[in-house]
């Protein structure tokens, strides 16, 4: 099973890129020109969403610096254990929806401490690919199109994030064995 996963992983991205290029060529799309137009639009979007990004990054900094994250980690200890989430991974569960770079730092710490082949390392790595930086994504996408009322997006995204966390634990338990 691990060999199949490694083989698929090695070829997935190059095959997707090749598929897009070939499909564009077959459809008569000028792929390079469309790419350049998209990049120019991306720069405009980046400038438009900059104030939203500054606001979310400041809020994340306040959340972490105030100690609220540590309090929330302590409160989540028992529910995380009930869901089978390794205690070592709980900080990642909390920081991932807030900050991609913060989550990468937590993942790096988990991998350095427990190793990439440990159950915690595998769950953490799978979780990084199965969850999203919700607040950043909402800020970027809604800010890019000028939507200020996110309504049900945040609760739905948090439920999806929890599903990704639980799926990471379950799938790693099935493929690699429980902790």
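The values are calculated or read from the model by the stated rules, or taken from the named source; none is laboratory data. Just so we're clear, the structure is a prediction, and the values are computed from it rather than from any experiment. Neighbour counts are summed over all protein chains in view; Cβ atoms, including those assigned to glycine, are modelled from backbone coordinates with ideal geometry.
In the range 1-28, the residues that are within 23 Å of residue 173 (Cα to Cα) reach residues that are at pLDDT 90 or above and surrounded by 10 or more Cβ atoms within 10 Å (Cβ to Cβ) with C-beta atoms within less than 7 angstrom, at least six apart or across chains, in these pairs: 1/175.
Out of the range 137-153, which residues are assigned to a helix (DSSP H, G or I) and touching a helix residue (DSSP H, G or I) at 6+ places or on another chain (Cβ under 8 Å)?
Applying the first criterion (assigned to a helix (DSSP H, G or I)) to the range 137-153 yields 137-145, 153.
Of everything in the range 137-153, those that are assigned to a helix (DSSP H, G or I) and touching a helix residue (DSSP H, G or I) at 6+ places or on another chain (Cβ under 8 Å) turn out to be 137, 138, 139, 140, 142, 143, 144, 153.
Condition first: over 30 Å from residue 147 (Cβ atoms) and over 20 Å from the mean Cα position of the chain (by Cα). Can you find one or more residues in the range 61-70 that meet it? Checking the range 61-70: at least one residue is over 30 Å from residue 147 (Cβ atoms) and over 20 Å from the mean Cα position of the chain (by Cα). Checking each residue in the range 94-119 for being crowded, with 21+ Cβ neighbours inside 10 Å and more than 22 Å from residue 139 (Cβ to Cβ) picks out only 110.
Select from the range 95-136 the residues that are part of a helix (DSSP H, G or I) and touching a residue at least 60 places away in the same chain (Cβ under 8 Å) and write down the one among them that is nearest to residue 54 (Cα to Cα). Explain how you work it out, then say what you get.
Going through the range 95-136, the residues part of a helix (DSSP H, G or I) turn out to be 95, 100-114, 119-130, 134-136.
Imposing the further condition that a residue be touching a residue at least 60 places away in the same chain (Cβ under 8 Å) reduces the set to 119, 135-136.
Details: 119: 36, 135: 12, 136: 10 Å.
It comes out as 136.
Against the definition (closer than 17 Å to residue 171 by Cα, touching a helix residue (DSSP H, G or I) at 6+ places or on another chain (Cβ under 9 Å), surrounded by fewer than 19 Cβ atoms within 10 Å (Cβ to Cβ) and modelled with pLDDT under 90), how does residue 84 come out, yes or no? Spelling it out, residue 84 is indeed closer than 17 Å to residue 171 by Cα, touching a helix residue (DSSP H, G or I) at 6+ places or on another chain (Cβ under 9 Å), surrounded by fewer than 19 Cβ atoms within 10 Å (Cβ to Cβ) and modelled with pLDDT under 90. Within the range 158-179, restricting attention to residues that are under 21 Å from residue 141 (Cα atoms) and in contact (Cβ under 8 Å) with a residue 60 or more places away in the chain, the residue that is surrounded by the most Cβ atoms within 10 Å (Cβ to Cβ) is 161.
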